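Asker: Got a structure for you, questions after.
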Number of protein chains: 2
Amino acid sequence: MSAYTELLAHERQTQALAQVMGRLGWDQETMMPRGAAGQRAEEMGALEGVLHARRTDPRIGDWLSAAEPPDAGGRATLRHIRRSYARHTRVPAALAEELARVTSTAQGIWAEARARDDTAHFLPWLERVVRLRREEASALAAGGDLYDALLDDYEPGATAATIGAMFDRMRPRLVDLRAALLAAPNPPARLKGEFPREAQLRLARLLAETFGYDFTRGRLDLAVHPFSSGSGADVRITTRIDESDPFNCLYSTIHEVGHAAYEQNIDPAHALTPLGEGVSMGVHESQSRIFENQLGRSRAFTGWLFARLQTEFGDMGLDGPDAFFATVNRVSPGFIRTEADEVQYNLHIMLRFDLERALIAGDLAVADLEAAWNDRFMADFGVAVPRPSQGLLQDVHWSIGLFGYFPTYSLGNVYAGCLMQALRRDRPALDDELAAGDLSGATGWLRDAVQVHGGLMTPADTIARACGFTPHEGPLLDYLDDKFRALYGV
Amino acid sequence: MSAYTELLAHERQTQALAQVMGRLGWDQETMMPRGAAGQRAEEMGALEGVLHARRTDPRIGDWLSAAEPPDAGGRATLRHIRRSYARHTRVPAALAEELARVTSTAQGIWAEARARDDTAHFLPWLERVVRLRREEASALAAGGDLYDALLDDYEPGATAATIGAMFDRMRPRLVDLRAALLAAPNPPARLKGEFPREAQLRLARLLAETFGYDFTRGRLDLAVHPFSSGSGADVRITTRIDESDPFNCLYSTIHEVGHAAYEQNIDPAHALTPLGEGVSMGVHESQSRIFENQLGRSRAFTGWLFARLQTEFGDMGLDGPDAFFATVNRVSPGFIRTEADEVQYNLHIMLRFDLERALIAGDLAVADLEAAWNDRFMADFGVAVPRPSQGLLQDVHWSIGLFGYFPTYSLGNVYAGCLMQALRRDRPALDDELAAGDLSGATGWLRDAVQVHGGLMTPADTIARACGFTPHEGPLLDYLDDKFRALYGV
């Protein structure tokens, strides 16, 4: 057997075990009995130890030196393995295991703290998570920037400096747009009516199928914080139900289907190889965002959706599809990132980006985090956070150690803006298709332009090749200005 | 660190990973999308490879030589590890991985074959499973009996010869009793009525709680073939619904709760050690059987249960609790082992025991298995098997390689007979408790006498110590004669 073949066989088993790890995470969020949390932490710690040992196996170094890739896919595969090997050999196994154990417990603690609005219950665990992640970042950065070392895990090639600069360019136009919209007279109505759980779930399944989710290789369940999980032939999605607001469930579903479609549509030849999963969190998020926003919240598609909702829920206190489109895109003050509209969403991210940079840099203590959050929220959004579950405790991310992850959401929005411009260019009849509830043209374009490639190219190249131009924030900002100024008449 | 401490730390991680493997099996039967079967087989194969490597790690041999156990628990722990190490070092890793992969696929094929009554679809896979298990048995037996080598995995210390001899002693009395009951005039009525799914699930949850199942450390789902899965803090059970027959769901649930209570009630100090799971399949089955039959089908308890069922289902065409007791214990011709009454159940096992001994010995070809099954069924039960799903395809066991497992069900019945005799001796007021739906006395006795010990003693010692006498088939046969002859007046 050649070094390349041996390396790929080793990698394939590692990928299979990584899928198992993902399934444990899914189970923990959807199925696991509460009393099992302690044992689960030990199980995940043990599996993390196995994965770490496999990813740092010294034979990988030997194989990498000797391997001769057969083609471009082989070269990309080696690039991923080389990168993973370098990263993992820098992190001591004991640290990796402790991180898995502590974050597994911290996530349960976070859920309890959020349910009872008890920040003090969570902070000691967050402190441990921050300490361990800083330790890991030190090992990875080798003298470089700690935050960049973490960010690189989610978005290879990105840096806090370039993202910070991008945010600086985005902020003025978003702040202006937000102010204009919130000051506009006659804001869109809110939905009225009853939105029973079963009907929401029925619609969620319909939407998942409409956007191309393959239920023979996945399933839909409920979770506190919706997510998509798994690659290849087993890609599961979750949503949540708020009986006073069906958009929460329905647009979460479309969003997660965007993530899941990416994983389900990667060339099956890449399954269980480093090319067999989404290439970065930013590109991943571009798929969920374009599904949810540019397509799912378009005037054309919401016309079709309105008719489906009418069947289940009556007229919901709305005049017709134009009013529904306005309501779907309502811009109003709010505390929760996952419920934020397209205009304000990136402002929520900028808040988190700055706070987590300061935490990781050591410029902000965990004990001061809640005050910092609340002050910044007041400064950016002009309202006081009423309770921790609407502030610091709203997101699962930090409890499981995801620092450097939040900015990839905004990167996803920016990429989605670019992709939508290219999609409209390539499919002039797009709005007619969307108005008929036919998403196959749009999702097929995304599948062929982006998804099928998996990890074959770098993140930025993946988007650039799909669009035919270098990605930048311009198309997103133009899209937001055009859509929302027209809708609000400002 | 002492050799003993190092060995236990190694073992603890292995046990944690074995729990993960169990959870994958649970997921496959309850949650997994159909299209994920191929990938899941690869995932389980990879994890099996990890487990096999850990269980055959040469350091275990060194640690075992040097380890000094601190107490009786430590000595029992070393006994288990020594046994596991010997068994696993005899089986090549490639064979263990292939078995995991093939049985994972074969199980999916079996489910399809059973659903469409298509034996030919399943047999090529069964042939592979038999071939691989025979290969494994050869490696384990080191010249000894192949079947004994497999049986020893489920029931340490048992042999086909002793079980065969026990069956020879049991058969005449069971055959006589069966003939007398089936010839009796006025057999008990069948249930009549409607038994909606939701009501059955409600009752299943009530019964699980009544028999002491801890839902904070487990959950109840649906599966084609009910099972219990996991140890320690995460012990899950499944049941199935037949809307024409609530007993299927309810008594499956009580049965699986017996298994689960055993795992949930083991001394938490043994968690994730070799003492932290049921000591053998026979002892396991003794717990599920005494829950289901000696307690769950007793006149006293069925009186309480009748009132609960009346609330959901009306009078079900029955006169009162005596008629209900008779119906619960109705003896009639039937094809399905899991639905068999207490009298005929062991005859179903004897059929499988003889066929699987012949398969493993090489005296029976897989191609001839269906004919052999049908002939034997006609000989033992006097009726022709109408279709494969009521014959050869009814059980999941062989598809996942469980040869040598079936006789442990009968061993469980025999042990349950012994335990019930001891329980009645120790709790004279038992029937009053059962009649009030209070199972806590009985389940508490079983917890303290059997379950809490986990793997501390050998299987036979576990039962002997709980009962105060050496276990034998006499108490079970006496119990069956007494109960059924009185009920049928024969």
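The values are calculated or read from the model by the stated rules, or taken from the named source; none is laboratory data. A quick note: this is a predicted structure, and the numbers were derived from the prediction, not measured. Every residue, glycine as well, gets a Cβ built from its backbone with ideal geometry; the counts of neighbours run over all protein chains shown.
Asker: Being surrounded by fewer than 22 Cβ atoms within 10 Å (Cβ to Cβ) and aliphatic (A, V, I, L, M) is the filter; apply it to the range B:33-43 and report the residue that is farthest from the other protein chains (Cβ to nearest Cβ).
Answerer: Result: B:A41.
Asker: When A:P333 is evaluated against the numbered criteria (1) of a type outside the set (A, V, I, L, M, F, W, C); (2) farther than 22 Å from A:R202 by Cβ; (3) buried (at least 18 other Cβ atoms within 10 Å of the Cβ), which criterion, by number, is the only one it fails?
Answerer: (3)
Asker: Return the residues of the range A:1-32 that are in a loop (DSSP other than H, G, I, E, B) and either in contact with a helix residue (DSSP H, G or I) (Cβ under 7 Å, 6 or more places away or on another chain) or more than 12 Å from every other protein chain (Cβ to nearest Cβ) (or both); say none if nothing qualifies.
Answerer: Listed by number, the residues that qualify are A:M1, A:S2, A:M32.
Asker: Quick check: is even one residue across the range A:202-211 surrounded by fewer than 20 Cβ atoms within 10 Å (Cβ to Cβ) and touching a strand residue (DSSP E or B) at 6+ places or on another chain (Cβ under 9 Å)? Let's see the steps before the verdict.
Answerer: Keep residues of the range A:202-211 that are surrounded by fewer than 20 Cβ atoms within 10 Å (Cβ to Cβ), which gives A:202, A:205-206, A:209.
From what is left, the residues that are touching a strand residue (DSSP E or B) at 6+ places or on another chain (Cβ under 9 Å) are A:205.
Yes: the range A:202-211 contains one or more residues that are surrounded by fewer than 20 Cβ atoms within 10 Å (Cβ to Cβ) and touching a strand residue (DSSP E or B) at 6+ places or on another chain (Cβ under 9 Å).
Asker: Quick one: B:T216 ticks every box in (1) surrounded by fewer than 22 Cβ atoms within 10 Å (Cβ to Cβ); (2) touching a Pro at 6+ places or on another chain (Cβ under 7 Å); (3) over 30 Å from B:G278 (Cα atoms) except a single one, so which number is it?
Answerer: (3)
Asker: I've got another one for you. Looking at the range A:79-101, which of the residues that are aliphatic (A, V, I, L, M) and free of Cβ contacts under 8 Å to residues at least 60 places away in the same chain is surrounded by the fewest Cβ atoms within 10 Å (Cβ to Cβ)?
Answerer: Result: A:A94.
Asker: Let me ask something else. Could you list, in sequence order, all residues of the range B:53-79 that are assigned to a helix (DSSP H, G or I) and of a type in the set (V, I, T)?
Answerer: In the first step, residues of the range B:53-79 are kept if they are assigned to a helix (DSSP H, G or I); the result is B:53-55, B:58-66, B:72-79.
Selection gives B:I60, B:T77.
Asker: I'm told A:F301 meets every condition in (1) within 14 Å of chain B (Cβ to nearest Cβ); (2) part of a helix (DSSP H, G or I); (3) over 26 Å from A:H80 (Cα atoms) except one. Can you identify the failing condition by its number?
Answerer: Of (1) within 14 Å of chain B (Cβ to nearest Cβ); (2) part of a helix (DSSP H, G or I); (3) over 26 Å from A:H80 (Cα atoms), only one is false for A:F301: (1).
Asker: Quick one: which of B:R330, B:R352, B:R357, B:R308 is modelled with pLDDT of 95 or more, of a type in the set (K, R) and assigned to a loop (DSSP other than H, G, I, E, B)? Walk me through how you get there before you give the answer.
Answerer: On the way: B:R352 fails: assigned to a loop (DSSP other than H, G, I, E, B); B:R357 fails: assigned to a loop (DSSP other than H, G, I, E, B); B:R308 fails: assigned to a loop (DSSP other than H, G, I, E, B).
So the residue among B:R330, B:R352, B:R357, B:R308 that is modelled with pLDDT of 95 or more, of a type in the set (K, R) and assigned to a loop (DSSP other than H, G, I, E, B) is B:R330.
Asker: Only one of these is touching a residue at least 60 places away in the same chain (Cβ under 8 Å) and either in the same structural domain as A:D168 (by TED's automatic domain parsing) or not β-branched (V, I, T) (or both): A:A449, A:A460, A:A422, A:A464. Name it. Explain how you work it out, then say what you get.
Answerer: On the way: A:A449 fails: touching a residue at least 60 places away in the same chain (Cβ under 8 Å); A:A422 fails: touching a residue at least 60 places away in the same chain (Cβ under 8 Å); A:A464 fails: touching a residue at least 60 places away in the same chain (Cβ under 8 Å).
The unique qualifying residue is A:A460.
Asker: Since A:T273 meets every condition but one in (1) within 14 Å of chain B (Cβ to nearest Cβ); (2) among the polar types (S, T, N, Q); (3) touching a Pro at 6+ places or on another chain (Cβ under 8 Å), which condition does it not meet?
Answerer: (3)
Asker: Listed residues A:R54, A:R59, A:R116; which is within 13 Å of chain B (Cβ to nearest Cβ) and modelled with pLDDT of 95 or more?
Answerer: On the way: A:R59 fails: within 13 Å of chain B (Cβ to nearest Cβ); A:R116 fails: within 13 Å of chain B (Cβ to nearest Cβ).
Going through A:R54, A:R59, A:R116 in turn, just one is within 13 Å of chain B (Cβ to nearest Cβ) and modelled with pLDDT of 95 or more: A:R54.
Asker: Would you check if A:T238 is in contact with a helix residue (DSSP H, G or I) (Cβ under 7 Å, 6 or more places away or on another chain), assigned to a helix (DSSP H, G or I) and of a type in the set (S, T, N, Q)? Outline the logic, then answer.
Answerer: Details: in contact with a helix residue (DSSP H, G or I) (Cβ under 7 Å, 6 or more places away or on another chain): yes; assigned to a helix (DSSP H, G or I): no; of a type in the set (S, T, N, Q): yes.
Taking the combined requirement at face value, the residue does not satisfy it.
Asker: From the list B:R40, B:R54, B:R90, which residue is among the basic types (K, R) and over 30 Å from B:R236 (Cβ atoms)?
Answerer: Numbers: B:R40 fails: over 30 Å from B:R236 (Cβ atoms); B:R54 fails: over 30 Å from B:R236 (Cβ atoms).
Selected residue: B:R90, the only one of B:R40, B:R54, B:R90 that is among the basic types (K, R) and over 30 Å from B:R236 (Cβ atoms).
Asker: Additional query: With the structure loaded, tell me whether A:E29 is out of contact with any Cys (no Cβ under 9 Å at 6 or more places or on another chain), surrounded by 22 or more Cβ atoms within 10 Å (Cβ to Cβ), charged (D, E, K, R) and in the same structural domain as A:S104 (by TED's automatic domain parsing) or whether it fails that test.
Answerer: Answer is no for this residue.
Asker: Looking at B:F195, B:F167, which one is of a type outside the set (K, R), crowded, with 17+ Cβ neighbours inside 10 Å and outside any helix (DSSP H, G or I)? Before the answer, list the steps.
Answerer: On the way: B:F167 fails: outside any helix (DSSP H, G or I).
Among B:F195, B:F167, only B:F195 is of a type outside the set (K, R), crowded, with 17+ Cβ neighbours inside 10 Å and outside any helix (DSSP H, G or I).
Asker: Of all helices (runs of 4 or more DSSP H) completely enclosed by the range B:384-490, which ones contain at least 1 residues that are touching a Cys at 6+ places or on another chain (Cβ under 6 Å)? Even if it seems obvious, please write down each step before you answer.
Answerer: On the way: elements: B:406-426, B:430-435, B:440-449, B:459-467, B:474-488.
The helices (runs of 4 or more DSSP H) meeting that bar are B:406-426, B:459-467, B:474-488.
Asker: Is it true that A:H284 is crowded, with 23+ Cβ neighbours inside 10 Å and either assigned by TED's automatic domain parsing to the domain that holds A:P187 or touching a strand residue (DSSP E or B) at 6+ places or on another chain (Cβ under 7 Å) (or both)?
Answerer: Yes, satisfied.
Asker: Tell me whether the range A:238-248 contains one or more residues that are within 20 Å of A:D27 (Cα to Cα), crowded, with 20+ Cβ neighbours inside 10 Å and in contact with a Gly (Cβ under 8 Å, 6 or more places away or on another chain).
Answerer: no
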